[in-house]
Structure formats: structure tokens, C-alpha cells
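Everything on this sheet refers to the single structure shown next.
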Amino acid sequence: MKLIATILISLGSLVSFSQSNDAGLESARKKLEAKDFNGAKSALSKLIDANTKNKTALSLRGQARMGLQDFYGAISDFTFALEIDSTFAEALNFRGESKIALGDDYDAIEDLNKAITYNPQYADAYTNRGFARYNIDELQDAYFDFSKALELGPADADKYFNRGVVKAELGEFVSAIDDYTKAIELDKEDASLYNYRGVAYYNTDVFDKAIKDYDAAIKLDPNDPLKYENRALAKSAIEDVKGALEDYDKAIELDNEDPETYNLRGVLKYATEDYDGAIVDYTSAIELDPANPTYYDNRALSKTEKEEYAGAVDDYTASIELYPSDPETYYQRGMIKLLMNNNYDGCLDLKRAEELGSPDAKGAIRKNCK
């Protein structure tokens, strides 16, 4: 009887421990869902101290560490969980996700391949592998993974959005629009969905729909300069110069450190023959990014229109120093030198432009160089 009683007491203790463990895990899960990552980590550490072989607690603590941006610590927890059970698909998936966050996409793919092998219905593993493949430009494989995640379900806005982004990268803009539209049907409050669909419409020359999408995106998120810049490009395409300039102005008001916005506004001012305004914008772009040859080329064009030939030559020279294999820059500098009656140097530039493949240089040489 004593032996039986001892066994019953032991079994009772095990049941009590199991119930306590289950309750502790459930409490930790709720903390994770509430984004109380520190609280979850603390609670799970106590469970792990009580049972170092608790693979579920290790995996959950790893997820808490991910929430705290401690990806190395998270990988350590997932690795310990996998030492207990090498087929633990959840730990493989989250370790792969942590590796993606650290830029280790190739190793992440190895983990995610295993997660999918052990659980072929694991939609999140396909999604994460899709991200890793996207990061290393394996776009067709990423497309497959995002499609598989959608097939496994449940369908949500993020899954359609992910596949839409890959389709757009592959140049399949019409199909990307379909995915973005489905994403918007599932989440009408995400400004980025409208913005991305607007970009796809812009790339299919459907500018009116692009502008409507940018309008919706800006209404939901009025403080993002990129959305104003995108709308400015679409307005420029339909020759709404005033509206485009207003959008570029707003984008610069929100972020005055982006050289490309100044450059784009300069291009628009150049097109409207506001050469002084264009030069001011190109100069701002150059101050922010002095290593971009395009900005010097653009400023040189405006200076040429103002007959500031010496300044234009200086800008083309700076551009050539940064990118010495562009035939167009040599051609343009050569033509300016001819206007300055510097035929010798001008013809040298034209010959160099011809050597680099300029289609216009040969005719200019025939006409101007003996």
C-alpha cells in the first residue's frame, strides 16, 4: 500500500506540475500577444529554470526576444529547443526569421526548408522563406513561396501584398494590381497598400487611378514625403505642373534631406523653363549627395540654357570624374566646348563619346571636327 500511495502521490505531483506548466505557457502566450515582451521573457525564464528541457518555453522565450530585437539571444533559445527536438518546425521557422532580421538570408533558407519539410502546411514558413528569397533576388522562388502561403491560408492583406510586391518587381504590374486590390479589400486602412497600387498604376500609365490611390494613401498617412513625391510624378505625367510642384514642396517640407526630391523638382522646373529655380534645386541635391553624377548633368543642362557655358563644363567634368564611362556626358561637354569656340577639346570629347557608343557623336564629329 505504501508503494502504491507513493506512486499516486508522484503522479499527482506530475499532473499538478503539468497543469502549472500549461498555465504558465498560456499566460506567456497572452503576454506575447499583448506585446509585453519583457513580461513574457521573465515568465518563460522561470519555466525554463524549472525544466531546462521545455522546448515550447524555449521557443516562446525566443519569440519574446525577437520582440525585444534581441535576435542573437532568440537564435540561442531556438537552437536549444532544436537540440531537444531537431524536428521542431516552429523553432526552425522562428530561427530562420531571426536570421533574416540579421541579414543572414542563406542560412535562414536552410532553416525554413527544414521547417517546411517537417510541417508542409506551415504557411508562415513559406512566407518567411519568401522574404529571404526576395532579399537575395530569387524573385521567382519568392513568388512561389508567397503563392503557397496564400494557398495554405488563411488569406490576409499581408499575403496578397507580399505577392503583389514580387509581381511588381518582375514587371507584372497588372497582376500586382490584382493582388494589391485584394489586400485593400481585406484592409482598407493601410496607406502603404494604396501607395503600392498607385505605383503599379503609374507603371502601366494609368495615371488618373495612380493619383486617386496616392490621394487615399496621403489621407491615411499625411506625413510621409514619399507619397507626395509619388503623386507629384503622376501629376507631372498628366502635365499638372502646379499640382506636381505643390507635392514636391510638401515632400521637401516633410523631409528636406532627400536629394532625389530636389532633383525631381529641379527636372520639373527645367521643363517649365525655370532654369534658375532648377539650378537652385540641383545645387541642393548635390550638397546632399555630391557623388551622384546625374545631378551635375542636370545642373549643366540648366546652365547651358542660361548660356553659362563655363559652369556647364565644370558640372560635366565633375560628372565624368564620378562616372567616366557615360558617352552622353562626353558628348554634351564636347558640344558646349564647341559653343565656346574650343574646337580642339570639344572634338576630343566627341571622339571619346563615339568610342563609348554615343549615337550622336559621329555626326557631330563629321560636322565640326576636321
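The values are calculated or read from the model by the stated rules, or taken from the named source; none is laboratory data. Worth saying up front: this structure is predicted, and the values here are computed from it rather than measured. A quick note on method: Cβ atoms are made from the backbone with ideal geometry, for glycine too, and the neighbour counts reach across all protein chains shown.
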Go through the stretch 263-293 residue by residue and tally those that are crowded, with 20+ Cβ neighbours inside 10 Å and more than 18 Å from GLU229 (Cα to Cα). 2
Restricting to the stretch 302-317, name every residue that is buried (at least 20 other Cβ atoms within 10 Å of the Cβ) and hydrophobic (A, V, I, L, M, F, W, C). ALA312, VAL313
Scanning the stretch 32-49 residue by residue, those without any contact (Cβ under 8 Å) to a residue 24 or more places away in the chain and either assigned to a helix (DSSP H, G or I) or of a type in the set (Gly, Ala, Ser) (or both) turn out to be GLU33, ALA34, GLY39, SER42, ALA43, LEU44, SER45, LYS46, ILE48, ASP49
Got at least one residue in the stretch 289-298 being touching a helix residue (DSSP H, G or I) at 6+ places or on another chain (Cβ under 7 Å), of a type outside the set (Val, Ile, Thr), farther than 22 Å from LEU264 by Cβ and at pLDDT 95 or above? no
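Any idea which of ALA183, ALA125 is farther than 23 Å from LEU226 by Cβ, part of a helix (DSSP H, G or I) and at pLDDT 95 or above? Working first, answer last.
Working: ALA183 fails: farther than 23 Å from LEU226 by Cβ.
Unique residue meeting the criteria: ALA125.
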Might you let me know whether the stretch 66-85 holds any residue that is among the aliphatic types (A, V, I, L, M) and farther than 21 Å from ASP104 by Cα? yes
If we keep only residues of the stretch 29-81 that are of a type in the set (Lys, Arg), within 33 Å of the chain's Cα centre (by Cα) and surrounded by fewer than 14 Cβ atoms within 10 Å (Cβ to Cβ), then the residue nearest to GLY96 (Cα to Cα) is LYS35
Subset of the stretch 196-215 that is closer than 17 Å to ALA251 by Cβ and out of contact with any helix residue (DSSP H, G or I) (no Cβ under 6 Å at 6 or more places or on another chain) - its residue that is surrounded by the fewest Cβ atoms within 10 Å (Cβ to Cβ): ASP215
Please state which one of SER319, SER302 is touching a residue at least 12 places away in the same chain (Cβ under 8 Å), in contact with a Ser or Thr (Cβ under 6 Å, 6 or more places away or on another chain) and not in a loop (DSSP other than H, G, I, E, B). SER319
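Between ALA232, ALA244, which is of a type in the set (A, V, I, L, M), in contact with an Asp or Glu (Cβ under 8 Å, 6 or more places away or on another chain) and either buried (at least 17 other Cβ atoms within 10 Å of the Cβ) or closer than 24 Å to LYS212 by Cβ (or both)? Steps first, please.
Numbers: ALA244 fails: in contact with an Asp or Glu (Cβ under 8 Å, 6 or more places away or on another chain).
Of the residues listed, the single one that is of a type in the set (A, V, I, L, M), in contact with an Asp or Glu (Cβ under 8 Å, 6 or more places away or on another chain) and either buried (at least 17 other Cβ atoms within 10 Å of the Cβ) or closer than 24 Å to LYS212 by Cβ (or both) is ALA232.
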